[in-house]
1. Would you call Phe68 over 23 Å from Arg92 (Cβ atoms) and among the hydrophobic types (A, V, I, L, M, F, W, C)?
2. Checking the conditions here, which among Val162, Val168 is out of contact with any Leu (no Cβ under 8 Å at 6 or more places or on another chain) and among the hydrophobic types (A, V, I, L, M, F, W, C)?
3. Identify the residue in segment 134-174 that is among the hydroxyl-bearing types (Ser, Thr, Tyr) and over 27 Å from Val45 (Cβ atoms) and, among all such residues, is surrounded by the most Cβ atoms within 10 Å (Cβ to Cβ).
4. Name the helices (runs of 4 or more DSSP H) wholly within segment 1-95 that hold at least 3 residues that are exposed (fewer than 11 other Cβ atoms within 10 Å of the Cβ)?
5. Quick check on Ala85: is it in contact with a Phe, Trp or Tyr (Cβ under 8 Å, 6 or more places away or on another chain) and of a type in the set (A, V, I, L, M, F, W, C)?
6. Across segment 113-127, what is the number of residues that are touching a helix residue (DSSP H, G or I) at 6+ places or on another chain (Cβ under 7 Å), in a loop (DSSP other than H, G, I, E, B) and either modelled with pLDDT of 95 or more or over 18 Å from Val165 (Cβ atoms) (or both)?
7. Pairs under 6 Å by beta carbon, first residue within 30 Å of Thr149 (Cβ to Cβ) and without any contact (Cβ under 8 Å) to a residue 60 or more places away in the chain in segment 105-131, partner crowded, with 21+ Cβ neighbours inside 10 Å and among the basic types (Lys, Arg), six or more apart or different chains?
Amino acid sequence: MAQLGFFLLPAAVAAVLIFGLARRVPLFSSFTAGAKDGLRACAAVLPPLVGLVTAVRMLQASGALDLFSTAAAPLAGALGFPVEAAPLALLRPISGSGSTAWLNEIFRQCGPDSFAGRVASVVMGSTETTFYAVAVYYGAVGVKKTGATLPAALAADLSGYVFSVLAVRLQFGA
């Protein structure tokens, strides 16, 4: 069965080439046109992406993330959200890699089977890197005004935080 997976990608490429040849599509010029479109999309997405990554690194390096986490800890504790996961909740809408690094930190400090580790795992699976997604996808198509997208997406993230606690409590009785 493992050998089948080895041949799957070359078989898919061969099928596309055969299909294109059968329909008399100019394969090389179609390929280069697609590559040009891909480069244009990368050029459109790059500036918002660089800005977002720079902002995340500045938040981490300046200590602002720690300050926000400390300020949010009492509210998180009152809502039953693990205080150790508060930085993750603040970082998740902004950065996927930053939130993954913080998830690993929660696992290191508390353990993956702890209440905080389980809630953090559910948060990672049920929330989105909202600002990143909006910056990349809206930037790619040139949308300047996001309208209700950000408030709706952040509300969805908030519900992901609340329901992650409920799901872990229901599943594990913690």
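The values are calculated or read from the model by the stated rules, or taken from the named source; none is laboratory data. The shown structure was predicted, so the numbers you read here are calculated from the model rather than taken from an experiment. Heads up, the Cβs are rebuilt from the backbone with ideal geometry, glycines too, and the neighbour counts pull from every protein chain shown.
1. Answer is no for this residue.
2. Working: Val162 fails: out of contact with any Leu (no Cβ under 8 Å at 6 or more places or on another chain).
Result of the check over Val162, Val168: Val168.
3. Ser164
4. Once the helices (runs of 4 or more DSSP H) in segment 1-95 are filtered for at least 3 residues that are exposed (fewer than 11 other Cβ atoms within 10 Å of the Cβ), what remains is 2-22, 27-62.
5. no
6. Counting residues in segment 113-127 that are touching a helix residue (DSSP H, G or I) at 6+ places or on another chain (Cβ under 7 Å), in a loop (DSSP other than H, G, I, E, B) and either modelled with pLDDT of 95 or more or over 18 Å from Val165 (Cβ atoms) (or both) gives 0.
7. Pairs found: Thr127/Arg92.
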